[in-house]
Each structure stands twice: as C-alpha cells, then as structure tokens.
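Just below is one structure, and these are the notes that go with it.
The values are calculated or read from the model by the stated rules, or taken from the named source; none is laboratory data. Since the model is a prediction, treat every value here as computed from it, not as a measurement. Virtual Cβ from ideal backbone geometry, glycine too; neighbours counted across all protein chains shown.
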Amino acid sequence: MMDILTTARLRGTERQLPYAGAITPSEAYSLLRQDPNVLLVDVRTNAERDWVGRVGIPEQQHAAVQWSTYPGGTPNPAFLDELARAASKDKVLLFLCRSGVRSRHAAKLATENGYANCFDVLEGFEGDKDAEGHRKTVSGWCKAGLPWIGA
C-alpha cells in the first residue's frame with residue numbers, strides 16, 4: 001500500500017498538484033483491495049452512474065458524491081456536506097469521474113477544506129474518447145479491465 005501511495009504522492013509533487021497526488025485506475029483498485037480504510041469517491045452525476053455504469057467494488061469502499069448535478073451540470077452546493085457524511089478528514093480518498101477533470105477539482109476542494117489524503121484517479125471511469133468519439137476504449141477504469149457494473 002505504501003508503495004502505491006508513495007508513487008501517487010511523487011506524481012503530485014512532480015506535477016505540482018494542489019492535493020496529495022494522482023493514482024492510476026489499476027493502482028487505485030490495488031489500493032482498495034489492500035486497505036479497507038481507503039474510500040473511492042465517485043463524483044460523477046447520479047445519471048452517469050445509472051446510465052453508464054458503476055465501479056464493481058464493495059459498497060463500503062465507495063461513495064457517490066456528485067460534483068455537479070444533472071441535468072444542467074450546475075455545481076452541487078451540498079458537495080462538502082455529502083463528503084463529510086461519507087468520510088472523515090484523515091481517510092485516504094480516491095476521487096473518480098468520467099475522464100479525470102471533475103475529480104481533480106473535487107480533490108482540490110476537499111484538500112482546501114481539511115481532507116489531508118486526496119488523490120485524483122487519472123483517466124477516470126471511461127477515459128478519453130477514441131477516433132470515433134467513443135469512451136472506454138482508450139484509457140480509464142473500464143479500459144484497464146477493472147470490475148464495473150454496466151447500466
């Protein structure tokens with residue numbers, strides 16, 4: 001576990017990230033399997049989880065805390081309150097979104113509000129688009145072959 005977090009923290013330092021670090025989907029999954037005190041925070045909208053799919057990990061190891069709401073994509077005004085209900089400030093938090101943008105914002109805001117161990121899951125759940133505009137084929141949690149439950 002320490003090797004994964006050390007590597008993720010090193011990425012954070014190298015990239016001058018405003019949170020603890022960055023972790024690949026495969027590293028995140030390994031860490032979740034090794035330590036029941038690590039929490040994956042899925043910041044995608046409820047609609048995305050319902051229509052696209054969810055991570056296939058034990059329920060107690062992940063929380064759904066929307067960064068923005070659907071429809072409209074407006075910021076979730078209850079984000080910090082929902083995060084506080086999901087996790088203590090000393091827990092290791094792995095933030096996941098569709099492609100790795102919202103999760104960075106969530107990790108930054110959480111860090112600014114006293115969460116000491118926030119990590120962005122690089123590539124996100126679906127990853128980048130391929131030449132035809134489809135996701136899940138180039139990068140991300142799904143492309144890495146990690147467990148997920150389809151919609």
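A few points about this structure:
- Residue in segment 126-140 that is touching a residue at least 60 places away in the same chain (Cβ under 8 Å) and in contact with a strand residue (DSSP E or B) (Cβ under 6 Å, 6 or more places away or on another chain) present: no
- Scanning segment 13-27 for any residue that is more than 13 Å from the chain's Cα centre (by Cα) and in a strand (DSSP E or B) turns up nothing.
- Any hit, segment 45-59, residues being closer than 14 Å to TRP141 by Cα and assigned to a helix (DSSP H, G or I): yes
- Residues being in a loop (DSSP other than H, G, I, E, B) and out of contact with any helix residue (DSSP H, G or I) (no Cβ under 9 Å at 6 or more places or on another chain) - total across segment 60-76: 3
- Identity of the residue in segment 77-90, in a loop (DSSP other than H, G, I, E, B) and either in contact with a strand residue (DSSP E or B) (Cβ under 9 Å, 6 or more places away or on another chain) or touching a residue at least 12 places away in the same chain (Cβ under 8 Å) (or both), that ends up surrounded by the most Cβ atoms within 10 Å (Cβ to Cβ): ALA87
- Remark: pairs (first residue in segment 93-108, on the phi > 0 side of the Ramachandran plot; second residue in a strand (DSSP E or B) and modelled with pLDDT of 95 or more; Cβ separation under 8 Å; 6+ apart in sequence or on different chains) = GLY100/ASP120; GLY100/VAL121.
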